[in-house]
Amino acid sequence: MSERRHALRLRGSIFAKLLAIMLAMAASLLLMVSSVFILVVYPSSISMSKQVFDEYARTLAASSPTLETAKDLRRRVGLQTRYEGPDGTWGTAVGLPTIDQVRKGDASSFGREYYVESAPNGGTYLFVWNFGQHMHAVHVKLLWLLLFSMMAVVLTAYSFQKRLLRPVRSLDDGVQRLSAGHLDFVLPVLTHDELGALTDAFNQMVRRVKQMIQARDQLLLDVSHELRSPLTRMKVALALLPDDENRAGLGADLNEMEAMITELLELERLRDGRGIRCERRDLVPILRDAAKGYEQGPPGISFVGIPPQILLDIDGEKIRTVLRNIFENAVKYSLPNSDAVKIFAEQKGEWVVVRISDDGPGIPDADISNLFEPFFRVDRSRSKKTGGYGLGLSICKRIMEAHGGNIVVQNNARRGASFILTLPTVTAGQSSGGCSEAGSAPGSLVY
Ligand code: ADP
């Protein structure tokens with residue numbers, strides 16, 4: 001599986017593609033050079049040398065060379081000679097074909113040229129020249145040389161390109177971090193070209209997104225603060241009104257506004273781990289306590305795998321708030337024929353993972369990434385039937401992150417959604433005053 005993933009990643013890598021293009025170019029160049037050599041250089045040099053040597057063989061035979069002269073020629077230019085005639089039969093090498101064999105065409109001709117010439121004394125000379133073999137050896141050497149020099153050029157060019165394209169890797173890393181919701185980073189500008197400018201623009205974009213989010217949070221905070229005083233005045237004024245239906249309705253609306261403002265202020269209080277007081281607690285009784293009131297159903301809650309004890313450094317009350325929020329949603333959004341909500345907890349290395357799976361409608365895929373944003377609701381109509389303002393899950397996320405943990409949602413294979421809470425164990429958090437560092441969430445954990 002991991003090999004397949006690796007192969008897919010390689011196929012999608014621009015660096016692998018560049019290397020493949022360069023190797024393909026080198027291979028076609030090699031093919032071109034060897035084709036030119038085989039189809040043009042080799043035949044034309046053979047035919048030229050044949051004409052020249054034809055003349056030379058005739059002149060040589062006319063000078064009636066002795067065995068000594070022939071041996072000297074072999075040493076100097078690699079020419080083999082065989083003589084058959086009145087002075088006997090001799091050759092400069094063992095295994096040379098006889099003149100008769102050459103005339104009949106029985107001699108091996110690979111890379112060899114045969115010249116049969118008559119001598120003035122009535123004898124016959126056979127000259128064997130291995131010009132073709134020489135040419136072949138030169139060809140092979142040339143190809144090896146070309147191959148090595150091309151590999152050297154390809155590897156050097158590749159390492160330069162890799163260096164030049166370093167910003168692409170860095171940008172890829174930045175995009176991954178941004179999509180994971182991290183905004184506290186600045187990518188280094190590694191080059192002073194278009195890619196450097198792109199990195200700069202990316203850093204500016206991240207800065208702007210961060211400013212916009214900060215402005216949004218600040219606006220929410222300011223509005224919440226500003227609304228508190230008029231709300232209190234309205235409540236006082238309401239108490240002076242006659243006790244009738246209108247007063248009850250107004251009172252309910254004011255209470256709802258007050259609850260929303262309290263949740264918004266709570267959301268702000270939890271930023272960067274503020275408002276959390278951790279101590280060593282057992283998560284199991286907190287889980288069971290939070291489920292109380294929802295167990296009787298419908299659809300009910302069932303614990304399917306919980307260890308006897310899970311000791312963690314947590315703010316028990318805040319974790320209970322998270323759990324109650326998730327249980328309440330799971331029950332609220334369940335369908336008439338839904339199975340019970342299942343709770344499962346286990347320790348995975350340095351993390352404790354709690355999985356809460358319901359059998360409701362699940363979350364539309366397009367909404368999963370926004371689910372933990374303040375005021376986000378799948379049902380945009382904000383109907384009174386399902387209640388809520390879409391602040392519950394964003395508070396849960398802040399609480400989990402303040403513990404150095406995380407919360408994610410996944411749709412189940414069959415039906416419904418699973419909320420997965422991750423908390424660091426005591427060793428993973430290495431906390432001093434209780435809670436772990438916010439933001440050290442378990443990015444690589446596979447749920
Ligand atoms: P609310 O108070 O509106 O429930 P939350 O922040 O708790 O706000 O939830 C945000 C939205 O996420 C809800 O409005 C709902 O659309 C969706 N949601 C939350 N939990 C579930 C669930 N278990 N099944 C389906 N949808 C859910």
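The values are calculated or read from the model by the stated rules, or taken from the named source; none is laboratory data. All figures in this text were calculated on a predicted structure; none of them were measured in a lab. With ideal geometry, Cβ positions are generated from the backbone for all residues, glycine too; neighbour counts draw on all protein chains shown. Note: accessible area is taken over every heavy atom of the protein model, side chains too, but ligands, DNA and RNA are not part of it. Shrake-Rupley method; radii C 1.70, N 1.55, O 1.52, S 1.80 Å.
The equivalent ellipsoid of region 24-115 has semi-axes of 35, 15, 13 Å, largest first, where each one is the square root of 5 times an eigenvalue of the Cα gyration tensor. State the Cα centre-to-centre distance between region 201-223 and region 53-111 in whole Å. Centre-to-centre (Cα) distance: 94 Å. For residue 310, the amide hydrogen comes within under 5 Å of the amide hydrogens of 283, 284, counting only partners 5 or more places away or on other chains and with H modelled in the peptide plane.
In region 235-317 the Cα-Cα distances spread across 10 Å bins starting at 0 as 14, 23, 26, 24, 12, 2 percent of all pairs. For region 238-243, 3J(HN,Hα) computed residue by residue from phi via the Karplus equation (6.51, -1.76, 1.60; θ = phi - 60°) reads 5, 5, 8, 6, x, 6 Hz, glycine and proline entered as x.
3J(HN,Hα) couplings calculated from phi for region 158-167 with the Karplus curve 6.51 cos²θ - 1.76 cosθ + 1.60 (θ = phi - 60°) are, in sequence order, 5, 5, 5, 4, 4, 5, 5, 9, 3, x Hz; Gly and Pro show x.
In region 178-269, what percent of the accessible surface is made up of carbon and sulfur (1.4 Å probe, ligands and nucleic acids excluded)? It would help to have the intermediate numbers written out before the result.
Working: 3800 of 6370 Å².
Heavy-atom surface of region 178-269 belonging to carbon and sulfur, 1.4 Å probe: 60 percent.
Note down the Stokes-Einstein diffusion coefficient of region 37-168 in µm²/s, whole number, using a Kirkwood radius over alpha carbon pairs, 37 °C, and 0.692 mPa s. D, rounded to a whole number, is 186 µm²/s.
Using helices alone, I'd like the mean residue ellipticity at 222 nm for the chain: each DSSP H run of four-plus residues gives -39500 (n - 2.57), total over residue count, nearest 500. Could the numbers behind the result be given before it?
On the way: 13 runs with 231 residues, N = 447.
Only helices count here, giving -17500 deg cm²/dmol.
For residue 351, the amide hydrogen comes within under 5 Å of the amide hydrogens of 425, counting only partners 5 or more places away or on other chains and with H modelled in the peptide plane. A dipole drawn for the chain from +1 and -1 charges on Cβ atoms has a positive end, and of 423, 329, 192 the residue lying farthest that way is 192.
With Kirkwood's inverse mean 1/r over C-alpha pairs for Rh, give me the Rg to Rh ratio of region 113-207, two decimals please.
On the way: Rg = 31.8 Å, Rh = 19.1 Å.
Rg divided by Rh gives 1.67.
When peptides 313-322, 130-139 are sorted by average Cβ neighbour count within 10 Å, with the highest value leading, the order is 313-322, 130-139. Computed about its Cα centre, the charge dipole of the chain is approximately 560 debye, with only Lys, Arg, Asp and Glu carrying charge at their Cβ. Per-residue Karplus couplings for region 280-287, computed as 6.51 cos²θ - 1.76 cosθ + 1.60 with θ equal to phi - 60°, are listed in order as 5, 9, 8, 6, 4, x, 5, 4 Hz, Gly and Pro entered as x. Towards the positive end of the charge dipole of the chain, with charges on Cβ (+1 Lys, Arg; -1 Asp, Glu), say which of 168, 400, 260 has the farthest Cα. Sorting the options by dipole projection puts first 168. Net charge dipole, region 309-422: roughly 440 debye, given to the nearest 20, about the Cα centre with Cβ charges of +1 for Lys and Arg and -1 for Asp and Glu. The angle separating the long axis of helix 392-402 from the principal Cα axis of greatest extent in the chain is about 60 degrees.
Take the Kirkwood radius over Cα pairs of the chain, plug it into Stokes-Einstein at 4 °C and 1.567 mPa s, and you get 42 µm²/s for translational diffusion.
For region 212-267, which trypsin sites (Lys or Arg not before Pro) pass both filters: DSSP loop (anything but H, G, I, E, B) and at most 11 other C-beta atoms within 10 Å? Those that pass, being in a loop and sparsely packed, number zero. Accessible area of residue 46 (1.4 Å probe, protein heavy atoms only, ligands and nucleic acids ignored): about 20 Å². Once you divide the Cα radius of gyration of region 157-273 by 2.2 N^0.38 Å, the number left is 1.85. Database remark: amide H of residue 119 closer than 5 angstrom to the amide H of 124, 125 (H placed geometrically; neighbours at sequence offset of 5 or more, or on other chains; Pro and chain starts carry no H).
Using the average count of surrounding beta-carbon atoms within 10 Å as a protection proxy, the listed peptides 175-184, 341-350 rank, highest first, as 341-350, 175-184.
Put simply, the C-alpha atoms of region 102-164 give a gyration tensor, and the ellipsoid matching it has half-axes of 50, 10, 4 Å, longest first.
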